[in-house]
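Single-structure report; data block below.
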Amino acid sequence: MTQENNKDVLLELKDYSITFKTPDGDVKAVSGLNLTVRRGERIAIVGESGSGKSQTFLGLMGLLAKNGRTSGQALLDGKDVLALKPRELDHVRGKDMAMVFQDPMTALNPSLKISRQLTEQLEVHRGLTARAASEAALDMLKRVGIPDPVRRFNLYPHELSGGMRQRIVIAMALLTKPKLLIADEPTTALDVTIQAQILDLFNDLTSETNTALVMITHDLGVVAGLADRVAVMYAGRIVEEAPVDELFDNPAHPYTAALHAAIPRPDQDVDDLVVIPGRPPNLQHLPKGCNFSPRCPKAEDDCIDRPPTLSLLAPRHCAACFHPFPRIEELLTHG
């Protein structure tokens, strides 16, 4: 939504859509999405399951299911990766952009030792010798906090804990020094202590390498100390986008406000937990107006008649809502 200096922009999605062909008709998982990611920026993509956040970036990586199709443009350093041939995409994927998945076992080959899985990345994408690749891989294992890395270098994935496997996957993704790192729910399967360590690790390593980070999550709470900016998705569209502090202080879209209210708090009784009423819409039969209108407490006739577009509310803060919540200073000014 906001205008960026072209030299600062690493990734630009333009009118980007993803459609899945099914026996029951087309499913529009992502609809006309526009998003920019700057070099070295950390952006969180937040939304419920089925909002399209993971599919957005699986499409970018060329990892959609066979019945999935992308349209629009996805410019990485000015090059449209959607237009690349499979072999050209293989060169970009892993080298210039990499992805960390929720379950590290889906990214690790159970029949190969950790050593081979790490060194192969460097031999293929950076042309290193086996010895140089091993040295670089061991160094990265130390940087991601693997205890006794020399011993664990020659283990199989099943011989490591879940937290260590996730660190291995992060090391694998960062070995080739990608410009863009996509992390898809990377802490969901881990306990709270390990979650915090992994988030700190992302923070430190992306700062060191100036790698842009896209953190995909359903939990607004995990992004507060990590992201520079947040984009909130609902039913395949971005409904709000803002710097992280602005989004927490002044959520404008009712869906964002509902997600914020649903964050569990230490002093909150279980019976007082906030739940967003209703269910996300069927992507084959979206509402005529705002996709969130059937669940929205602020919905009026105009919300039902036509879909809102992203509108600028404050510097770098936009929302797709006809009746956004007022900013805190507006509330204070007008009582």
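The values are calculated or read from the model by the stated rules, or taken from the named source; none is laboratory data. It should be emphasised that the depicted structure is a prediction, and the values quoted were computed from it without experimental measurement. Methodologically, a virtual Cβ is constructed for each residue, glycine included, from the backbone with ideal geometry; neighbour enumeration extends over all protein chains shown.
Yes/no matrix, rows are residues, columns are (1) free of Cβ contacts under 8 Å to residues at least 24 places away in the same chain; (2) among the aromatic types (Phe, Trp, Tyr); (3) crowded, with 18+ Cβ neighbours inside 10 Å:
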residue: LYS14; (1), (2), (3): no, no, no
residue: PRO23; (1), (2), (3): yes, no, no
residue: GLY32; (1), (2), (3): no, no, no
residue: THR36; (1), (2), (3): no, no, yes
residue: THR56; (1), (2), (3): no, no, yes
residue: LYS66; (1), (2), (3): yes, no, no
residue: GLN73; (1), (2), (3): no, no, no
residue: ASP90; (1), (2), (3): yes, no, no
residue: ALA98; (1), (2), (3): no, no, yes
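So, in the stretch 64-106, exactly how many residues are charged (D, E, K, R) and farther than 20 Å from PHE202 by Cβ?
Kept after step one, since they are charged (D, E, K, R), are these residues of the stretch 64-106: 66, 69, 77, 79-80, 85, 87-88, 90, 93, 95-96, 103.
Now restrict to residues that are farther than 20 Å from PHE202 by Cβ: 66, 69, 77, 79-80, 85, 87-88, 90.
Summing the residues that are charged (D, E, K, R) and farther than 20 Å from PHE202 by Cβ in the stretch 64-106 gives 9.
Being within 18 Å of VAL144 (Cβ to Cβ), buried (at least 19 other Cβ atoms within 10 Å of the Cβ) and of a type outside the set (Ser, Thr, Tyr) is the requirement here; does ILE168 meet it? Please lay out each step first, then the result.
Details: within 18 Å of VAL144 (Cβ to Cβ): yes; buried (at least 19 other Cβ atoms within 10 Å of the Cβ): yes; of a type outside the set (Ser, Thr, Tyr): yes.
Yes.
For the stretch 198-219, how many residues are among the polar types (S, T, N, Q), assigned to a helix (DSSP H, G or I) and buried (at least 18 other Cβ atoms within 10 Å of the Cβ)? I'd like the intermediate steps shown before the answer.
Of all residues in the stretch 198-219, those among the polar types (S, T, N, Q) come to 203, 206-207, 209-211, 217.
Adding the requirement that they be assigned to a helix (DSSP H, G or I) leaves 203, 206-207, 209.
Okay, now just the ones that are also buried (at least 18 other Cβ atoms within 10 Å of the Cβ), so 206.
Matching residues across the stretch 198-219 total 1.
From (1) of a type in the set (D, E, K, R); (2) closer than 30 Å to GLY163 by Cβ; (3) modelled with pLDDT of 90 or more; (4) outside any helix (DSSP H, G or I), pick out the condition that doesn't hold for ARG116.
(4)
This table checks each residue for (1) at pLDDT 85 or above; (2) of a type in the set (Phe, Trp, Tyr); (3) crowded, with 18+ Cβ neighbours inside 10 Å; (4) under 21 Å from SER51 (Cα atoms).
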residue	(1), (2), (3), (4)
MET140	yes, no, yes, no
ILE146	yes, no, yes, no
ASN154	yes, no, no, no
LEU174	yes, no, yes, no
GLN195	no, no, yes, no
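Quick grid of which residues meet (1) out of contact with any strand residue (DSSP E or B) (no Cβ under 9 Å at 6 or more places or on another chain); (2) at pLDDT below 95; (3) within 23 Å of MET215 (Cα to Cα):
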residue: GLY72; (1), (2), (3): no, no, yes
residue: PRO104; (1), (2), (3): yes, yes, yes
residue: PRO110; (1), (2), (3): yes, yes, no
residue: ALA130; (1), (2), (3): yes, yes, no
residue: MET164; (1), (2), (3): yes, yes, yes
residue: ARG167; (1), (2), (3): yes, yes, yes
